[in-house]
1. Inspect all residues belonging to region 81-89 and state whether any of them is among the small types (Gly, Ala, Ser), assigned to a helix (DSSP H, G or I) and over 20 Å from Lys152 (Cβ atoms).
2. Of these, Ala364, Ala352, Ala368, which one is within 16 Å of ligand 1 (Cβ to nearest atom), modelled with pLDDT of 95 or more, touching a strand residue (DSSP E or B) at 6+ places or on another chain (Cβ under 6 Å) and under 17 Å from Ala215 (Cα atoms)?
3. Please identify the pairs in which a residue from region 92-117 that is of a type in the set (Ser, Thr, Tyr) has its Cβ atom under 7 Å from the Cβ atom of a residue that is within 11 Å of ligand 2 (Cβ to nearest atom), counting only partners at least 6 apart or on another chain.
4. If the requirement is being farther than 21 Å from Glu224 by Cβ, in contact with a Ser or Thr (Cβ under 8 Å, 6 or more places away or on another chain) and either among the polar types (S, T, N, Q) or buried (at least 19 other Cβ atoms within 10 Å of the Cβ) (or both), which of these qualifies: Leu399, Leu362?
5. Out of the residues in region 126-139 meeting the condition of being within 24 Å of the chain's Cα centre (by Cα) and free of Cβ contacts under 8 Å to residues at least 60 places away in the same chain, tell me which one is nearest to Asn82 (Cα to Cα).
6. Can you name the condition, by its number, that Phe129 falls short on among (1) away from ligand 1 (no atom under 15 Å from the Cβ); (2) surrounded by 24 or more Cβ atoms within 10 Å (Cβ to Cβ); (3) aromatic (Phe, Trp, Tyr)?
7. Return yes or no: is Leu219 closer than 22 Å to Asp396 by Cα and either modelled with pLDDT of 95 or more or of a type in the set (Asp, Glu) (or both)?
Amino acid sequence: MNVDKIMNNLEKKHPGEVEYLQAVREVLESIEEVYNENPQFESANIIERIIEPDRVLTFKVPWVDDEGNVKVNLGYRIQFNNAIGPYKGGLRFHPSVNLSILKFLGFEQIFKNALTTLPMGGGKGGSDFDPKGKSNAEVMRFCQAFMLELWKYIGPETDVPAGDIGVGGREIGFLYGMYKRLAGDHSGVLTGKGSNWGGSLVRPEATGYGCVYFAKEMLATRGETFEDKRVAISGFGNVAWGAALKATELGGKVVTISGPDGYVYDPNGISGKKIEYMLELRASNNDIVQPYTFAFEGAEFHEGRHPWEVKVDIALPCATQNELNKEDAEKLISNGCICVCEGANMPCTPEAVEVIQKNGLLFAPGKASNAGGVATSGLEMTQNAMKLRWNSQEVDSRLHEIMCNIHEQCVRYGKRENGYVDYVKGANIAGFLKVANSMLDMGVI
Ligand code: NDP
Ligand code: 2IT
């Protein structure tokens, strides 16, 4: 495999799709060796077939705001690869959404879903709609208009969307209501549903919990635990909230959260009602975390800055892609950080990952460490299919088992001769082998 040649061709076909090209390069570079050892992959031209989505659906979403103005947003669904199961992946509503971002997320999702051990293919979708500052009625009308088009392309055995940035329980409710009305069935086509109408317990917490379970496994390889460790978390959304809950439960002290306005440093630790307050901050639909400092004494707000300058032992980036760069990584390292575990998708830039790994820190890529969200979505699909509901202990213990299994897969394929585990390589190889071998089994289709 000639990675540069493949990337040059891909760039010519999709110029400017920076995030997508970044995600593809990372995977190709880590699977190169395994790919070359297995000539059957090359004969079946697996690379060209896996790096292009099966299909890209784009559509317009016209809706009416509270003043009666007609608005138009763009809607997308990328059905990337369904070799091992129905397309599965979240919907993102954020003004930054474009084809490149959704293709990167859809591509990552293929390997992430393969790692969960559950039968799910990879997909992603969303819109450049900005839920910020919109009324509840506006969000509802937008979600209904979005589903009016999307429902034609999804189904419980074909494509099962869920939440992501800007799409939480409220949006899933509005989307599911419209799907149910249009399709006339209650087949659980979305995950992240409310627990009264088919949702799985622990799904809201699952991504953050899973991320901390994964970090716990990594720490254990060095005889370390969360006990008394200082933890920096970025973001203040769904993933950040779940991660703060579990890190605190395991004895860690979470000292930061962040938003687009800057970060909060709370030397007393973000626990108990302070974590509950994160939900209020999020529900306020404002993109700021500063109000935290008015609510809790002793907390400082650092405008326009990232939390990575704070002295911590563990960093959990849980906001968005490319939010931790090389300089941030260097600051973490010089402050003695021992573990960076991605809760978001691709939050660390490639240069940051290189520095982190070179310095021997534990590092987990999101496709391994944030897979707990989609894994629990898979468990929600199972419960829907069985028309049963598991209690939270059952779901949580399955989630924990899945995260430990993903950790094992990473170690299996990522352990270097000197004992250092390259979790990026391990995750990419394990995910790739499962999908590529399934594609081989099914022939050229
Ligand atoms: P939420 O919408 O609940 O929260 C997203 C957080 O990131 C918010 O704090 C948000 O602030 C912040 N954010 C968004 N864009 C930017 C930006 N450009 N700059 C700085 N901050 C930003 O989303 P989730 O918690 O669900 O998602 C967070 C990350 O985790 C994403 O990378 C997502 O893909 C990933 N993920 C989510 C899973 C899930 O199950 N929800 C599963 C696996 C991964 P604001 O919105 O105010 O801009
Ligand atoms: O990035 C992700 O894995 C998600 N946003 C969750 C996807 C899902 O289908 O639960």
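1. Start the filter on region 81-89 by keeping residues that are among the small types (Gly, Ala, Ser), which leaves 83, 85, 89.
Going one step further and asking which of them are assigned to a helix (DSSP H, G or I), we end up with none.
The answer is no; no qualifying residue exists.
2. Working: Ala352 fails: under 17 Å from Ala215 (Cα atoms); Ala368 fails: touching a strand residue (DSSP E or B) at 6+ places or on another chain (Cβ under 6 Å).
Every option except Ala364 fails the conditions.
3. Within 7 Å, the pairs are Thr116/Ala371; Thr116/Val374; Thr116/Ala375; Thr116/Gly378.
4. Details: Leu362 fails: farther than 21 Å from Glu224 by Cβ.
Only one candidate qualifies: Leu399.
5. The qualifying residue nearest to Asn82 (Cα to Cα) is Gly126.
6. (1)
7. Values: closer than 22 Å to Asp396 by Cα: yes; either modelled with pLDDT of 95 or more or of a type in the set (Asp, Glu) (or both): yes.
For Leu219, the condition - closer than 22 Å to Asp396 by Cα and either modelled with pLDDT of 95 or more or of a type in the set (Asp, Glu) (or both) - is met.
Residues checked against (1) within 16 Å of ligand 2 (Cβ to nearest atom); (2) surrounded by 16 or more Cβ atoms within 10 Å (Cβ to Cβ):
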position: Arg282; (1), (2): yes, yes
position: Glu297; (1), (2): no, no
position: His306; (1), (2): no, yes
position: Lys311; (1), (2): no, no
position: Cys318; (1), (2): yes, yes
position: Gln321; (1), (2): yes, yes
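The values are calculated or read from the model by the stated rules, or taken from the named source; none is laboratory data. Just so you know, these numbers come straight off a predicted model, no measurement behind them. So basically every Cβ, Gly included, is an ideal-geometry build from the backbone, and we count neighbours across all protein chains shown.
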